[in-house]
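Remarks on the structure that follows.
The values are calculated or read from the model by the stated rules, or taken from the named source; none is laboratory data. Just so you know, these numbers come straight off a predicted model, no measurement behind them. Accessible surface areas use protein heavy atoms only, side chains included; no ligands, DNA or RNA. Shrake-Rupley method; radii C 1.70, N 1.55, O 1.52, S 1.80 Å.
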Amino acid sequence: MTDPIDNRFIDIEIKLAHQEHLVESLNERIYAQQQQIDKLENLIAAMAERIRTRDSAQAPINERPPHY
């Protein structure tokens, strides 16, 4: 026969194991999200730089073409 205290310890150990697994899963997900955020930030920075350095001879979007 198992002691009620032993059962409580077993339940606590089971819950702890599940929580450790959950924390590890969340940690992996956060790491993956941070990698994605870093890639998106780099992409935005590259796009902003491209816009800043684009050819000045290019007509602005709202300017009428010369044949008007």
- prompt: Going through segment 35-50 one residue at a time, which ones are open to solvent by 90 Å² or more (accessible area, probe 1.4 Å) and of a type in the set (S, T, N, Q)?
  reply: Q36, N42
Residue count, segment 24-34 (criterion: open to solvent by 100 Å² or more (accessible area, probe 1.4 Å) and charged (D, E, K, R)): 2
